[in-house]
Amino acid sequence: MHVRTRTRGFAATLTLAFALAGGQASAAPSTDSAESTAAARVVTYDASASAEFKTAVDRGAAIWNESVDGVELRPVATGQRANIRILADDGWPRAQTTSLGNGTVYMGRQAVDQGYDTVRISSHELGHILGLPDRKPGPCSSLMSGSSAGTACTNPYPNAAEKAEVEGNFGGVLARPAEDPFAALITD
């Protein structure tokens, strides 16, 4: 009899807890990587006007996708509007961020003509769109050190602190309000 009473008491407690939770069942967060990826905020990019830099842009996006879970950069579908436009021009590389995850990247030929690596440039400029500032001067191990690391630096990967900052920027963020502090920020 004593076991039966405990079982009924436990069942009653579970029923009460379920009712107090609004009848909604919830599960613990999954550690399954496929499910984690599905939770990432998708940010699309259009590299159709990036000319000779298209391969570097795609590689830069892939590097970010390998490095963080909170956001996924994807090429835009035909006929859709992209969050990020990538353009080739003859100036210095730069990013114009309109809000977190939105803006324009200029893949400037001037830096390439001076010997800077195109994939590092792409990853760096996409880093600005993902909310990272320049960190100059800095070592080659810091992606956001940009040109201050010199032309010999070809590292296109964000370091642990840069990855963590992007994860923090996109953790649970669906959209930024119009008064976004990144609005119209132009960085190189």
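All of the numbers you see were taken from the coordinates with simple rules; none came from a lab. Keep in mind it's a predicted model, so treat the numbers as computed, not measured. Cβ atoms come from the backbone with ideal geometry, glycine included; neighbour counts cover every protein chain shown.
Taking a point 7 Å out from the Cα of A49 in the direction of its Cβ, the residues of segment 96-134 whose backbone N falls within less than 14 Å of it are 96, 103-108.
Relative contact order, whole percent, for segment 34-187 stands at 24, derived from Cα pairs under 8 Å and 6 or more residues apart.
Compute the length gained on full extension between T151 and T78: take 0.36 nm times their separation in residues and subtract their Cα-Cα distance, giving the result in nm to one decimal.
So the extension gain works out to 22.7 nm.
Here the Karplus curve 6.51 cos²θ - 1.76 cosθ + 1.60, taken at θ = phi - 60°, turns the phi angles of segment 115-124 into couplings of x, 6, 6, 5, 5, 4, 4, 4, 4, 4 Hz, with x standing for Gly and Pro. Peptides 100-111, 140-151 ordered by packing proxy, namely the average of other Cβ atoms within 10 Å per residue, highest first: 100-111, 140-151. Based on every Cα atom in segment 34-187, Rg and the maximum pairwise Cα distance Dmax equal 14.3, 43 Å.
Considering only DSSP beta bridges whose two residues both sit in segment 46-156, what percent are antiparallel, to the nearest 5? Counting only bridges with both partners in segment 46-156, antiparallel ones make up about 40 percent.
Annotation: the residues T55, T78, sorted from fewest to most other C-beta atoms within 10 Å of their own C-beta, follow the order T78, T55.
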